[in-house]
Amino acid sequence: MKIATYNVNGVNGRLPVLLRWLKESAPDIACLQELKAPQEKFPLQAIEDLGYQAIWHGQKSWNGVAILSKVGEPVEVRRALPGDPEDLHSRYIEANINDLRIGCLYLPNGNPAPGPKFDYKLAWFKRLTAHAKKLLAEDIPVILAGDYNVIPTEMDVYKPESWTKDALFFPESREAYAKLVKQGWTDALRKMHPEEKIYTFWDYFRNAWGRNAGLRIDHFLLSNHFDKKLLAADVDRQVRGWEKTSDHAPVWIEIKHAVKK
DNA sequence: ATGTCTGCGATGCGCAGA
């Protein structure tokens, strides 16, 4: 079974690219972030036409997350992280798909840092970490996929010294990610490619894609149920080179898991 | 500091967010 995550940066503006990628890469399950569309403007028909069922949590202008599946209905479990009823950003959605639990997340960027946006990022991270702990305690196969807006280590950025003043690479952000992983999660991309420079995002600025000046900020965290079931993990880099593309590339994993249709 | 996308509101561009 192939599961993907993709920050589309505008689901409607990106629709041709999204549909082409879904056809060519054909993930069984796809988590999308940065829909930048209100609930009623999600392009459901075009996605259903490709054989997917979908749930999504839209928001006007900003954020927005979705879970697509063609291997069983995504049955929504929650559409926000617990812990702050006043947080109205659409950044999290979680579903059961057959016997899998999938959490799709868009962690706050946090820039400029320090400042209130960085405080929000860390507070959101704390809530995610608390929720992740509860998910592990349920002892079910769980995948937390999405745009974490964190560069975990110096290995995950083309030029670490350029990013020391950025919320994506601040020590607090990296420590929060490390603390989360340490609960017992596996960083799937890093596990399958322990020595490799892997990027999932290239800025629109300064010809970042042309220079391969990338960051690894889109991650798959897997519960220990997948320790012996992770077959492959990689980035659909070619998508970043397409016309009118997102600044992120899709990331995917392949797991040994029966597909129930 | 720069740079370039997105969506939106009020225009023929400026703004915020990333």
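The values are calculated or read from the model by the stated rules, or taken from the named source; none is laboratory data. Predicted model only: the values in this text are computed from it and were never measured. Heads up, the Cβs are rebuilt from the backbone with ideal geometry, glycines too, and the neighbour counts pull from every protein chain shown. These area figures cover heavy atoms from the full protein model, side chains too; ligands, DNA and RNA do not enter into them. Shrake-Rupley method; radii C 1.70, N 1.55, O 1.52, S 1.80 Å.
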- prompt: Of the residues A:Trp124, A:Trp185, which single one is over 24 Å from A:Glu254 (Cα atoms), under 16 Å from the mean Cα position of the chain (by Cα), crowded, with 17+ Cβ neighbours inside 10 Å and at pLDDT 95 or above?
  reply: A:Trp124
- line: Matching residues in the stretch A:60-91 (under 16 Å from A:Gln39 (Cβ atoms), open to solvent by less than 40 Å² (accessible area, probe 1.4 Å) and within 14 Å of DNA strand B (Cβ to nearest atom)) number 6
query: Going by the conditions given, is A:Lys134 closer than 29 Å to A:Arg20 by Cβ, of a type in the set (D, E, K, R) and open to solvent by 20 Å² or more (accessible area, probe 1.4 Å)?
result: no
query: Taking the condition open to solvent by 60 Å² or more (accessible area, probe 1.4 Å), touching a residue at least 24 places away in the same chain (Cβ under 8 Å) and within 16 Å of DNA strand B (Cβ to nearest atom), does A:Lys165 pass?
result: yes
- prompt: Given the conditions (1) open to solvent by 30 Å² or more (accessible area, probe 1.4 Å); (2) within 14 Å of DNA strand B (Cβ to nearest atom); (3) not β-branched (Val, Ile, Thr), and given that A:Gln53 satisfies all but one, which numbered condition is not satisfied?
  reply: (2)
statement: Restricting attention to the stretch A:11-34, the residues that are exposed (fewer than 15 other Cβ atoms within 10 Å of the Cβ), within 9 Å of DNA strand B (Cβ to nearest atom) and free of Cβ contacts under 8 Å to residues at least 40 places away in the same chain number exactly 1
message: Suppose we keep only residues that are in a loop (DSSP other than H, G, I, E, B) and either out of contact with any strand residue (DSSP E or B) (no Cβ under 9 Å at 6 or more places or on another chain) or open to solvent by 10 Å² or more (accessible area, probe 1.4 Å) (or both) within the stretch A:104-121. Which one would you say is farthest from DNA strand B (Cβ to nearest atom)?
response: A:Pro114
- prompt: How many residues does the stretch A:108-136 hold that are aliphatic (A, V, I, L, M) and either touching a Ser or Thr at 6+ places or on another chain (Cβ under 9 Å) or farther than 19 Å from A:Ala80 by Cα (or both)?
  reply: 4
- request: Hey, can you tell me all the residues within the stretch A:244-254 that are within 14 Å of DNA strand B (Cβ to nearest atom) and surrounded by 15 or more Cβ atoms within 10 Å (Cβ to Cβ)?
  value: A:Thr245, A:Ser246, A:Asp247, A:His248
query: What number of residues within the stretch A:26-60 satisfy the criterion of being small (Gly, Ala, Ser) and either in contact with a Phe, Trp or Tyr (Cβ under 7 Å, 6 or more places away or on another chain) or farther than 30 Å from A:Lys256 by Cβ (or both)?
result: 4
query: Out of all the residues in the stretch A:197-243, which are under 24 Å from A:Ala176 (Cβ atoms) and open to solvent by 80 Å² or more (accessible area, probe 1.4 Å)?
result: A:Lys197, A:Asn224
